[in-house]
Amino acid sequence: MTIEIADLPRVRFRTTRAAQKICAGLTARLGWRHQNVAARLAIARSLSLPTPPPVLTEEESDDMATAMRGAQLFGEGGDLAAWLALITQHHGNREMPKRSLQAMVTGHRTRGAELLQKDWVSSGREMGPFVVRLAELANFPNDVGSDNGGPAAPSASALASEVRLSIGEVARDVRTDENVEFVLNAPGGSPHLAIMGGVGSGKTRTAVHMLRQLRRFGNVPLLAFDFKGDLAEGLSAAYGADVLRPPEESIPLDVLHVSSDDDIAIKRAAARIRDSIASVKSRRPSGVQSEALREAIATTLWTGAAGTTITLQDVARALETEYEERGRSPDELTSTLNELTQFDLFLPDRSPADFFAKSWIILLPQDSSDEMRRLVINLTLNALDRWLNALPDAPTDDEGTRALRHVTLLDEAHVVLRTKLQALANLVRMSRSKGGVVLLASQSPDDFEGVEESYLDNMGMTLAFNTQAKPGPTSRIFGSSYSLTALSVGEALCRVRSEAKTRKIQSWEP
Ligand SMILES: Nc1ncnc2c1ncn2[C@@H]1O[C@H](COP(=O)(O)OP(=O)(O)OP(=O)(O)O)[C@@H](O)[C@H]1O
Ligand SMILES: [Mg+2]
């Protein structure tokens, strides 16, 4: 029996005592008058992830807080109906019996409370940054104070035809002999790809081969970071990409671009840029340093909004001033920023819309400093995320084939994945409807574990060559009967999500 809206006000919804405690804490600290504000926020926070909430453990189920009635938790009338719609839409099945709905709400409220707690801590336990963080996750469209792109952005060009790619140079199903293909922009599917495998297993060559095929379908701009110098040769001519080697050659991208001088837009942009800079060092800055950096960036962005050209050097100077005003002596953070801004890593020649309309290969060889490489990647991906995810959805044709607007290749992705950059998580989670494609290649399955969920859960296709590394999340993706250690050279396991089956393929012939 499916649930009726009329019954909902009386249905009892529960959560764990631990989740309830988090919500009560937030309610007290933030001064909300009703318990249900935090509970609703927790549910919404959990709904912001695409995966279903986990089922409670036995221990959790044994420690539940007092139930709240539907009317209290969700309100009545339109509000209640809207919540029901959000939850069933996320669940994907309208036919939800009362018990499943209750379990779903419990799961969301519990997971969401834990996420809110993390958000609260990572925002330095302060209201302002906390709200900014939640607003970012909500990913409001352009008309509610988005900070980039602006009205000119919808003109971003797109590749509209179906893009069908062979998975490697041979791409043969070992069992059936079929040619195995992946349709990048299939209706309703995810276009993102993950390739993993040990040293020399063929990740890079397979990625390059697939991107070269993609180029034959039409023009879609590419952004690739090349750590080993083995991408430029295969891709630069095909994509007409400019190859840049920072710091000798600056990247002509305005990474401090904010198109609106609205207070919220500037604060959001400042928080994001702060995160991109803060995660450059392996030791994260303290709460005070991080707050000073955010203020320094916001101050710089305000001068930018007033029409002055701004660069990272201005941020470094603003940070010094910020420190002086707070009576703080220069420290590791100021010196890192001063050091990194000695070079013109970026020049504000092109807006993000302009920059990402063209193909670029950015060389970041291993002899350059880790911090510089991370700063380049973080700020570029942050600009990409803010631009791409603020665009209107990419058009689809009558069959539902989605137009593609941009492709990012992150080979040796562990360098980026380990910094747990929010921009990358956003690109993987949200850019598909915007026509964005992310191709991640990395050695170990564990590299693909994100903060909140595995990146693999958002991939349209996962390909794994032989590796002796721990299986990590792969048994969940491929099924437990497959082993990555037993694959021979050129063989790979392949999971195209829409097919819902694992194939063993000969991707290339040694
Ligand atoms: N399709 C292919 N056809 C023939 N040889 C291949 C093919 N793919 C890979 N190889 C061989 O394997 C070697 C390693 O390939 P590749 O650089 O793509 O591996 P990788 O997984 O990216 O390695 P690394 O982890 O070191 O970056 C190549 O130099 C080539 O000799
Ligand atoms: Mg490689």
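Just so you know, all these numbers are worked out from the coordinates, no wet-lab data involved. Being a predicted model, the structure only gives us computed values, none of them experimental. Neighbour counts are summed over all protein chains in view; Cβ atoms, including those assigned to glycine, are modelled from backbone coordinates with ideal geometry.
For trypsin sites (Lys or Arg not before Pro), the sites in region 298-403 that DSSP calls loop and that have at most 16 other Cβ atoms within 10 Å are Arg326, Arg328, Lys358. Under 5 Å between amide hydrogens, built in the peptide plane, is the criterion, and for Leu253 it picks out Leu347, Asp349, Arg350 among residues at least 5 positions away or on other chains. Centroid-to-centroid, using Cα positions, region 27-78 and region 402-456 are 30 Å apart.
Selection among Gln20, Ser201, His90 by position relative to the dipole of the chain gives Gln20 as farthest towards the positive end (Cβ unit charges, Cα centre). Within a straight-line Cα-Cα reach of under 14 Å, Lys504 can be paired with the following aspartates and glutamates, leaving aside sequence neighbours fewer than 8 residues apart in one chain: Asp173, Asp177, Glu178, Glu181, Glu491. Could you give the size of the charge dipole of the chain about its Cα centre, using +1 on the Cβ of each K and R and -1 on the Cβ of each D and E, expressed in debye and rounded to the nearest 20? Computed about the Cα centre, the dipole is about 1480 debye. For Lys470, the lysines whose Cα falls under 18 Å of its own Cα, not counting residues fewer than eight places away in the same chain, are Lys203. Residues of the chain were split at every exposed loop site, defined as chymotrypsin sites (Phe, Trp or Tyr not before Pro) in a DSSP loop with at most 16 other C-beta atoms within 10 angstrom, and the longest piece left, sites excluded, is 33-342. Taking a cut-off of 21 Å between Cα atoms, list the lysines near Lys434, but don't count ones fewer than 8 places away on the same chain. Within the straight-line limit of under 21 Å, Lys434 reaches these lysines: Lys358.
Within 10 Å of each candidate Cβ there may be at most 11 other Cβ atoms; applying that plus a DSSP loop requirement, which trypsin sites (Lys or Arg not before Pro) in region 36-99 survive? Those that pass, being in a loop and sparsely packed, are Arg94. Residues whose amide H lies under 5 Å from that of Thr408, counting only those 5 or more places away or on a different chain, are Leu223, Val437, Val438, Leu439; hydrogens are built 1.01 Å from N in the peptide plane.
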